1. Taking the condition of being assigned to a helix (DSSP H, G or I) and either exposed (fewer than 15 other Cβ atoms within 10 Å of the Cβ) or of a type outside the set (A, V, I, L, M) (or both), how many residues in the range 103-130 meet it?
2. In the range 34-52, how many are over 18 Å from the mean Cα position of the chain (by Cα) and loosely packed, with under 15 Cβ neighbours inside 10 Å?
3. Six or more apart or on different chains, Cβ atoms under 7 Å: show the pairs whose first residue is in the range 258-275 and more than 27 Å from THR72 (Cβ to Cβ) and whose second is hydroxyl-bearing (Ser, Thr, Tyr).
4. Tally the residues that are farther than 28 Å from LEU26 by Cα and either surrounded by fewer than 17 Cβ atoms within 10 Å (Cβ to Cβ) or within 12 Å of the chain's Cα centre (by Cα) (or both), restricting the search to the range 244-279.
Amino acid sequence: MTTLTSPPVTRRRVSPALQRFLRNRLAVAGAVALALLGVTALFAPWLAPADPTKIFFTDLRTPPSGAHLFGTDELGRDILSRVMYGARVSLSAGLVSVLFALVSGTAIGLIAGYVRGWLDDVLMRLVDAMLALPFLVLAIALAAILGPSLQNTMIAIAIVTAPVFARITRGEVLAQREREYVQAAQALGARDGRVLLRHLLPNIAGPLIVQTSLAIANAILAESSLSFLGLGVQPPAPSWGSMLNAARGYLSDAPWMALFPGAAIFLAVLAFNLLGDGLREALDPRARH
């Protein structure tokens, strides 16, 4: 009598990069914080305890309490609700602007590093000229020219962020273009577009992923700064930067008006920086513990 044996159970192996990332507690903490922030921003209409733009003249500048966990501002608006809705503005500005910067900057860097010659010289001199200007100063100038709005803020941040991706991509392409796999693809008759997209781009994705997380943190700071200066989201729409601007005149009487939006900016930027550091360590093949 023969007995049937069940086939052995195969376990999926966790990639070494993921293992290195999970061992980094600070990076995991940053990822968890960003996940919570994303959930808060996505479900703000359902999680917020009050309408972020509704004015209550009977609750002007009330301190944190059971009725208003973060207190109220100079118009009686619930600060907790405004911080939640402000997360939607900051995250959308950071993600959308950096996404456009990533696509455009990577395209410029791929072309410049692969084609070389005069085209490389022209593109890189333009990139160098933009990198020579301070990031925030250039963003303020572009936002002032385009006009105050969230869409124009995203455009300004994307324009000033793209050169960083172009420079990183070009350097990585120059390091990879003479490798054997690129020469083999060219010898087999692969077109330049296929070599760039199917061979070079996947092999330089690691540094771009790390830079993306760090660039989002800078974009959040830039959006908050532009809103603080009145060049970003316009009142009464809630934004962390505009909330800080409104709280300037009440720092001694109502410090909670500046404390909570400032803490939100700090935690969001810190979380993205921790995530970026964790990704850099995880995607570096030399970082093996």
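1. Looking only at that region, the number is 18.
2. Residues flagged as over 18 Å from the mean Cα position of the chain (by Cα) and loosely packed, with under 15 Cβ neighbours inside 10 Å within the range 34-52 amount to 6.
3. PHE272/SER213; LEU275/SER213
4. So the answer is 7.
Conditions (1) farther than 16 Å from VAL98 by Cβ; (2) at pLDDT 90 or above, marked per residue:
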site: GLU223; (1), (2): no, yes
site: ASN245; (1), (2): yes, yes
site: GLY249; (1), (2): yes, no
site: ALA268; (1), (2): no, yes
site: LEU274; (1), (2): yes, yes
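The values are calculated or read from the model by the stated rules, or taken from the named source; none is laboratory data. Bear in mind the structure is a predicted one, so any value in this text is a computation, not a measurement. Here Cβ is always computed from backbone atoms with ideal geometry, including for glycine, and neighbour counts include all displayed protein chains.
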